[in-house]
Amino acid sequence: MGFSNSSLGYLNYPTQVIFKCCKLIPCLVGSIIIQQKRYKPMDYLAAMCLSIGLTLFTLADSMVSPNFNMIGVLMISCALLCDAVIGNVQEKFMKSYGASNTEVVLYSYGIGFAYLLLVMLSTGGLFKGIEFCSQMPVVYGYALLFSLSGYLGIHIVLTLVTTCGALVAVTVTTCRKAVTIILSFMFFSKPFTIQYVWSGMLIILGIYLNVLSKNQDLTQKLSRSLFRLLPIHRRDNRGLLLDTV
């Protein structure tokens, strides 16, 4: 979260959100390394589309944005790597040890709070933040709303991780970010180029391929479940019905 928020000082907001949309790529790699999962060719094709779309979007942003800086790219890339590790570790612990959502949130954010507190104390950012809030008390209200919405959001994401897996959870949150990008261009003036559209379409294609792959898995599981529920008739050599299993 620290890397993600800090990157906004160097990147346009849509570019930062586009990077976060491509969390699927490190999440897929993390699932293979941490949980030894295996994926179908369509999942790798989706990751490739996301990678190409992200590259084109970044190049477009570097041409039209006065705020573009490679430091921001490095920061948001580190944020994605951390998110990929955290998501897969959370999924593994929740499934292996039966940890609840509240327990995972407590440890994840408690450890993160300790890290951020040390960094802010060492850089002096904590005292600057307190001074800024004292000058603009309305920030306390915004921070409270941000914290409450974030708490509810992380509970929903963790429920998705438990029931559907980290990759599906990332896909759902990515679709939400697409709406965020559209609203950002609608309500805030910022430079725009047609290359944003083409690269965005590639990213949407990657997301669609990932969702399609998951739907195929779900369909196969439902088919197998229904097949088990069907009665199996056993007959003797003469074709007479013996019993039903």
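The values are calculated or read from the model by the stated rules, or taken from the named source; none is laboratory data. A quick note: this is a predicted structure, and the numbers were derived from the prediction, not measured. Note that each Cβ is placed from the backbone with ideal geometry, even for glycine, and that neighbours are counted across all protein chains shown.
Within segment 34-45, residues that are surrounded by fewer than 15 Cβ atoms within 10 Å (Cβ to Cβ) reach partners that are of a type in the set (A, V, I, L, M, F, W, C) with beta carbons closer than 7 Å, at six or more positions or on different chains, in the pairs MET42/LEU209; MET42/LEU212.
Where helices (runs of 4 or more DSSP H) fall wholly inside segment 56-164, the ranges with 1 or more residues that are in contact with a Leu (Cβ under 6 Å, 6 or more places away or on another chain) and of a type in the set (A, V, I, L, M, F, W, C) are 101-123.
Got at least one residue in segment 146-155 being of a type outside the set (Gly, Ala, Ser), within 21 Å of CYS82 (Cα to Cα) and surrounded by 13 or more Cβ atoms within 10 Å (Cβ to Cβ)? Within segment 146-155, one or more residues are of a type outside the set (Gly, Ala, Ser), within 21 Å of CYS82 (Cα to Cα) and surrounded by 13 or more Cβ atoms within 10 Å (Cβ to Cβ).
All conditions in (1) modelled with pLDDT of 70 or more; (2) among the aliphatic types (A, V, I, L, M); (3) surrounded by 10 or more Cβ atoms within 10 Å (Cβ to Cβ) hold for ILE181, with the sole exception of (1). Among the residues of segment 190-226, write down those that are at pLDDT 70 or above and farther than 22 Å from ALA47 by Cβ. Matches in segment 190-226: PHE192, THR193, ILE194.
In segment 97-121, the residues that are in contact (Cβ under 8 Å) with a residue 60 or more places away in the chain and under 12 Å from HIS155 (Cα atoms) form Cβ pairs under 7 Å with partners that are assigned to a helix (DSSP H, G or I) and not β-branched (Val, Ile, Thr), at six or more places apart or across chains, as follows: ASN101/HIS155; ASN101/LEU158.
Taken over segment 192-204, the criterion of being in contact with a helix residue (DSSP H, G or I) (Cβ under 7 Å, 6 or more places away or on another chain), over 16 Å from LYS20 (Cα atoms) and not in a loop (DSSP other than H, G, I, E, B) is satisfied by GLN195, TRP198. Scanning segment 88-96 turns up at least one residue that is at pLDDT 75 or above, among the hydrophobic types (A, V, I, L, M, F, W, C), within 19 Å of ALA169 (Cα to Cα) and surrounded by 16 or more Cβ atoms within 10 Å (Cβ to Cβ).
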